[in-house]
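The block underneath contains the structure these notes are about, expressed in structure tokens.
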Amino acid sequence: MPRLVGGALRLASCALLFSLVPSAPTAAQELGVMMVRASSPNPELPDPQGIGLFAQFEARSGFGFRMMYVRTSNDTDKPGIVCQVYSPRIDCDTEGVATSAGVGSFRAEATRVLPLGDRLRVDVSAGATFNSLDVTATGVSGRPADTAVPSSGNLGALGTVGLAITPLPALPLTLRAMGSLHWIKFNGCESQDDPTSGYDPFCGTDRFREIQIGLTYRVPRR
């Protein structure tokens, strides 16, 4: 529950910030909410899903800028090692471990919009991300699992292709579908030379494939 409350507060804060950003005289501003589903080779984040807040600023030239905050999470169950004390290891056993991992991702992308008629647009974008990770891993005995977690933010890179459809030109609502490749360089690595080092699934770069679907409100040009 604290994780859900914290995620909701972060989403609300981002929504407020997005709403306060004024649109430029020659730009269109688009605000919305996206449902996000992803997959990755990371054993603790095999199929995370969640929600994202979306803001895009588009110049008349077709170039623009996009900001997003995305929050996804994943729950897994698998065997793992739990210990009463980890350094040095005391009273360790292998048992079932329930892990809950959440990723909060702030994203900034440069975009290029290609109109395909009055109702259909395609856009491509690329940018950088800053990602925070929170993880709880607990064995069936109630003891914490031996799982290394990054202690600071993790940088990433993102590439996106999107499709935007305006069903009724008289209404400023747009249906959006986007596909992204997102690389995150996790820094939760343990020393392989340390005999007490534990399980470190958040070490190195993982690639996430994402599908995002949502509804946005398009502020008219001024």
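The values are calculated or read from the model by the stated rules, or taken from the named source; none is laboratory data. Here the structure is a predicted model, which means the values were calculated and not measured. Heads up, the Cβs are rebuilt from the backbone with ideal geometry, glycines too, and the neighbour counts pull from every protein chain shown. The protein model used for the area step is the full one, side chains on, heavy atoms only, and it has no ligands, DNA or RNA in it. Shrake-Rupley method; radii C 1.70, N 1.55, O 1.52, S 1.80 Å.
Can you tell me which residues in the range 148-166 are over 22 Å from Thr111 (Cα atoms) and either β-branched (Val, Ile, Thr) or loosely packed, with under 13 Cβ neighbours inside 10 Å (or both)?
Once the filter is applied, which keeps residues that are over 22 Å from Thr111 (Cα atoms) and either β-branched (Val, Ile, Thr) or loosely packed, with under 13 Cβ neighbours inside 10 Å (or both), the range 148-166 yields Val149, Ser151, Ser152.
Check whether at least one residue in the range 183-192 is surrounded by 14 or more Cβ atoms within 10 Å (Cβ to Cβ), modelled with pLDDT under 90 and farther than 26 Å from Tyr69 by Cβ, and report yes or no.
yes
If I ask for residues that are touching a residue at least 60 places away in the same chain (Cβ under 8 Å) and of a type outside the set (A, V, I, L, M), which ones from the range 137-159 would you list?
Hits for the range 137-159 are Arg143, Pro144, Asp146, Thr147.
Quick one: Pro172 ticks every box in (1) loosely packed, with under 13 Cβ neighbours inside 10 Å; (2) of a type outside the set (A, V, I, L, M, F, W, C); (3) modelled with pLDDT under 90 bar one, so which box is it?
(1)
Listed residues Arg71, Arg143, Arg60, Arg66; which is under 30 Å from Leu31 (Cα atoms) and out of contact with any Ser or Thr (no Cβ under 7 Å at 6 or more places or on another chain)?
Exactly one residue qualifies, and that residue is Arg71.
Using beta carbons and a limit of 6 Å, which pairs, at least six apart or on different chains, have the first residue in the range 69-85 and closer than 14 Å to Pro201 by Cα and at pLDDT 95 or above and the second one open to solvent by less than 20 Å² (accessible area, probe 1.4 Å) and of a type in the set (A, V, I, L, M)?
Asn74/Leu45; Asn74/Ala101
State all residues of the range 201-217 that are of a type in the set (Phe, Trp, Tyr) and either under 15 Å from the mean Cα position of the chain (by Cα) or within 18 Å of Thr72 (Cα to Cα) (or both); if no residue qualifies, say none.
Selection gives Phe202, Phe208.
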